[in-house]
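Below is one structure, written out as C-alpha cells, with a few remarks after it.
The values are calculated or read from the model by the stated rules, or taken from the named source; none is laboratory data. Computed from a predicted structure; not experimentally measured. Glycine also receives a Cβ, built like all others from the backbone with ideal geometry; neighbour counts cover every protein chain displayed.
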Amino acid sequence: MRTFVADIIPRIQRFSKRLDDLTKLTNQHWVSLGDIDQAKRVYIFRANNKLLISENGRVEKGSWEYLGNQSLLLETKDESFLLKHGFFDENVIALKLDSTDNYAFFVNETKYNGELNNIADIIRFLDNKYLRSNNGGGLGSKERPAEFDNIPFSYTVESETDCFNIFWGSHITYSFKYSSGQLGVAYKGTTTDKYFYMDSTFGKQYFNSMDEVAFNLNLYLNSRNNR
C-alpha cells in the first residue's frame, strides 16, 4: 500500500465526515491511489468486516475492523495496517499510517474514471472543493467558510507560557481573547516551530503563523458553539 505526504489534510479536516459513519465506507468500490500506475486495485469494505481486494478481476480476501478512536485495522494475506482518520467524504478517503505523517488515499470508483488518478489530482480536487470555494478572502489564503463571514475577527494574546510535558515535549501555550469576548488556547512546538490548536475530534491542527492558528481556532470555536 503506497502512502503520500499531504499537508492539505490537516487544513481540511473540519470538513471531513467521521470515520465511524460506516455506512459511507462499506459496500463502495474504493480505488487505491498508489496502485493506479501499475494496476487498478479496488478495496471493498463489506458490512461483515470482510475485505475484498480486486486487482484486474482477481480477488484477494482479507478483513477490516473499526477499532474506535477514528482508526481502522486492515489485514491482508501479507500485511496488516493500523490506519488513523485523516479525511473522509463521499469521494476520497485519506487514512494516516499510524506513527507516520503519510496517508493512504482511496478514491470512490465513481470519481476514478480519468479524473482522480494521481496525488496531484487529489490535492487539486480537495483544494478546489474545500479551500478555494470556502475562502471568504478576509485573511489572504486562510480558509473562511461562508457561514462565518459575519463573525468579527481580532484578538489579543492574554498570556504566553513556556511549557513541557512528556507527550508534547517543550512548547509554548498562548491564551487568546477574541473581539467577541470568546477565549481560546493555542500552542507552538519549539522543535517543529509549528502553531496548533486541539480539535476534540481530529486532534492537533497545525499552522505556520500565529495569525493563522488564531483565525482557524476562532472558526473552530464558533462552529462548535453552533452545533
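Here are a few things to note about the model shown:
- Contact annotation: residue pairs with Cβ atoms under 7 Å, 6 or more positions apart or on different chains, pairing a residue in the range 69-83 that is under 15 Å from residue 52 (Cβ atoms) with a partner that is β-branched (Val, Ile, Thr) and buried (at least 16 other Cβ atoms within 10 Å of the Cβ), are 76/53.
- One residue from 33, 83, 19 being closer than 30 Å to residue 128 by Cβ, in contact with a His (Cβ under 6 Å, 6 or more places away or on another chain) and hydrophobic (A, V, I, L, M, F, W, C): 19
- Selection from the range 203-217 of residues that are under 22 Å from residue 99 (Cβ atoms) and surrounded by fewer than 19 Cβ atoms within 10 Å (Cβ to Cβ): 203, 204, 206
- A single entry from 43, 66 fulfils the requirement of being more than 18 Å from residue 7 (Cα to Cα), hydroxyl-bearing (Ser, Thr, Tyr), touching a Phe, Trp or Tyr at 6+ places or on another chain (Cβ under 8 Å) and part of a strand (DSSP E or B): 43.
- If the condition is being under 23 Å from residue 9 (Cβ atoms), part of a strand (DSSP E or B) and among the small types (Gly, Ala, Ser), then the range 170-204 contributes 184, 186, 189, 203.
- None of 76, 173, 110, 161 is assigned by TED's automatic domain parsing to the domain that holds residue 15, β-branched (Val, Ile, Thr) and modelled with pLDDT of 90 or more except 76.
- Subset of the range 3-51 that is within 16 Å of the chain's Cα centre (by Cα) and small (Gly, Ala, Ser) - its residue that is nearest to residue 118 (Cα to Cα): 6
- Meets criteria (charged (D, E, K, R) and part of a loop (DSSP other than H, G, I, E, B)) for residue 14: no
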